[in-house]
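One structure below.
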Amino acid sequence: MGINLRNEEFKFGIVDYLVFCAMLVLSAITGIYYGCNRCKCFGKMETRARSLAEYLSGSKNMKPFPVAMSLVASYVSGVTVLGTPAEIYNFGSQYCIIGIAIWTSGLIVATVYMPVFFKLQLNSSYEYLELRFNRLVRIFASVIFVMDEIFFLPIVIYVPSLALNQGSLFSTFLVIIVIVVNIVVMLLGGIKAVIWTDTWQIVIMFISVVVIVILGTVTIGGVTVVWNRSVEGGRISFLNLSTSLYERHTVISVIIGGTMYWTSFNAVNQTMVQRYLSLPTKRKAAISILYFTIGISAFVSICCFAGLLIYATYFNCDPSESGRINADDQLFPLFVMEIVGHLPGVPGMFVAGVCGAALSSLSVILNSTSAVVLEDFLRSCFKVELSEKHATLFVKFVALALGGISLGFLFVIDKLGGILAMSGALTSIAAGTTFGVFSLGMLIPWANSKGALAGGISGAIVSGIISFGIQYVNGAGLVVPHKIPGSVEACETIYGIKINNTMKRYPDESNIFPLFRLSYHYITPIAVMTVMSVGTVVSFLTGKTDLRLLDPDLISPVIHRFLPKKSDVAMRAHYSKENGVKNEKVGLFNMQHFDEVTTAKNSLLGEKVDESQEASEKKHKVSEEEDQV
């Protein structure tokens, strides 16, 4: 479908389609290359034994930069590319300080959570919960994760459809091709193919957005014009110090809520942990987190500026009010087609980048969810033991099934309004609840399994009530986000569209239940605090964990220094560090070895004391004999 601008029609040309197809071909080549590389020595037993590890973790020989770019691609999804500019356009620049939250989150992940997972080296991050608590807690968190990922698929499919619909006559057909190519890449090449495909896709996305922003800025007269028009339109605000929990963006809500949100996804989510563990050393994992933080901050900042640029372009004729778009997420695609639509290849590069970013999330979901289904359900819950070869085939089958589900969503994309709302709510529930349970385990040494389960259920219920309540009141029109007004005074002159510029009326929200009016930034912090507070109280009421029986590898290293110096957990942590003892079983401290060494040390110390006493007695006896002589 084309976009009409001043009686001109802009749509995809042959060059745009060639650029788009080049992305698909490069993706396919990446998958085929790593697939052939994995199968080069398939006849050898060693390769067969390592096939699952190669598929899920790349045999732990990846490099920090591509892993970091894959992490960026996982979270700079189409939602970020299209949603962030729309957020700035409609609600102002206060959200731009999210960069502070992103950097804070990166520091927390690198120092508090990542070292624990790297020490344990688990195929599924949720296996930690069984080691720390019990199998029931592990299954509880795994079920939430899998449900969240499945319901996130409609959003993954919706975004590229939205972008393609602005410039392409064959949007559905193209999205099908892109999905199929991503599935094939993931099935053939495993996580290595996913990581490298994500790397160059995010580079394409970054370049395309930067080029479009530069061209757009030059077109309207420079950065000064963007700033002045944004100030005049009330879009500039960085220091809203309001303490209201109901305002969409304030300094407090963006920093606190943003930090919790980003940490909840980056610290314990299987999609992130799986990539950290594909690196050979903890130092390289920390470096990849640093690169990821830099990359994601830069990208979000550019998207924020793009929002101001779009407003400066349409400051006198709002696209939504003039009826030229049906959804706010269409703002950026509309801007691209109108500003650079006449430049061959640029719209194609943008749409290729949006689709690449969106469908990078798809490959991540397929790869990580299949690993969780294998480790947390088949092996842990149902006790089914598979050979490495059959386990690899099972993981691929699960990924293929999820890919089929995503294709199914595509054909009902126009009817997904309710599912999309449910997906957003479920994502909030899953992020806060699982992060709270992991934090309880790593940061509260005295927490027990009963506390973890009670806290997790409480957090899910509380965040679920808030999330679905917010979705309901928004869907019913009882609560309407207060957008900064846009102008339509020049619409008739520019587009020939006559619109009455009337003040928008908002419903009275005073009678709405307060929790249903909360800013979305507070959902994750409320869920996390509920889990940890309920979990801690229940743990103390039901008998807190005995620190003498607790594996120090399961506790965050930042907590070790605050433990009693004479507690066994602190002694074992010191012993493990000083002696470099390797665990016989992943995640479990070799208590027997520790006790044997301790006994041996005590025995040796006792023998030395006895020898010292005997020598002293002999010396004293000799001295007495000399006196007698």
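Applying the criterion of being touching a helix residue (DSSP H, G or I) at 6+ places or on another chain (Cβ under 9 Å) and of a type in the set (Phe, Trp, Tyr) to the residues of the range 447-501, the residue that is nearest to Ser428 (Cα to Cα) is Phe468. For residues that are acidic (Asp, Glu) and within 23 Å of Leu308 (Cα to Cα), scanning just the range 329-380, find the one that is surrounded by the fewest Cβ atoms within 10 Å (Cβ to Cβ). Across the range 329-380, the extreme among qualifying residues is Asp329. The set of residues in the range 474-496 being crowded, with 18+ Cβ neighbours inside 10 Å, hydrophobic (A, V, I, L, M, F, W, C) and part of a helix (DSSP H, G or I) consists of Cys491 alone.
One residue is enough: does the range 290-298 have a residue meeting the conditions within 17 Å of Met69 (Cβ to Cβ), assigned by TED's automatic domain parsing to the domain that holds Tyr113, of a type in the set (Phe, Trp, Tyr) and surrounded by fewer than 24 Cβ atoms within 10 Å (Cβ to Cβ)? Within the range 290-298, one or more residues are within 17 Å of Met69 (Cβ to Cβ), assigned by TED's automatic domain parsing to the domain that holds Tyr113, of a type in the set (Phe, Trp, Tyr) and surrounded by fewer than 24 Cβ atoms within 10 Å (Cβ to Cβ). Being under 23 Å from Phe305 (Cβ atoms), at pLDDT 90 or above and not in a helix (DSSP H, G or I) is a property that Arg235 has.
Of the helices (runs of 4 or more DSSP H) contained entirely in the range 62-158, those carrying at least 2 residues that are under 22 Å from Ser556 (Cα atoms) fall at 98-108, 114-120, 127-132. The sole residue among Ile289, Ile296, Ile302 that is touching a Gly at 6+ places or on another chain (Cβ under 6 Å), within 21 Å of Ile102 (Cα to Cα) and in a helix (DSSP H, G or I) is Ile289. The numbered conditions (1) farther than 16 Å from Thr80 by Cβ; (2) of a type outside the set (A, V, I, L, M); (3) at pLDDT 85 or above are all true for Phe299 except (1). As a summary of the residue check, Val534 satisfies the conditions (1) out of contact with any helix residue (DSSP H, G or I) (no Cβ under 7 Å at 6 or more places or on another chain); (2) in contact (Cβ under 8 Å) with a residue 40 or more places away in the chain; (3) not small (Gly, Ala, Ser) except for the one numbered (1).
For the residues Ala399, Ala431, the requirement of being out of contact with any Phe, Trp or Tyr (no Cβ under 9 Å at 6 or more places or on another chain), modelled with pLDDT of 80 or more and not basic (Lys, Arg) singles out Ala399.
The set of residues in the range 297-335 that are within 26 Å of Val254 (Cα to Cα) and of a type in the set (A, V, I, L, M) comprises Ala298, Val300, Ile302, Ala306, Leu308, Leu309, Ile310, Ala312, Ala327, Leu331. Can you tell me which residues in the range 274-284 are assigned to a helix (DSSP H, G or I) and surrounded by 23 or more Cβ atoms within 10 Å (Cβ to Cβ)? Those that are assigned to a helix (DSSP H, G or I) and surrounded by 23 or more Cβ atoms within 10 Å (Cβ to Cβ): Gln274, Arg275, Tyr276.
The values are calculated or read from the model by the stated rules, or taken from the named source; none is laboratory data. Because the structure is a prediction, the values reported are computed rather than measured. Cβ atoms come from the backbone with ideal geometry, glycine included; neighbour counts cover every protein chain shown.
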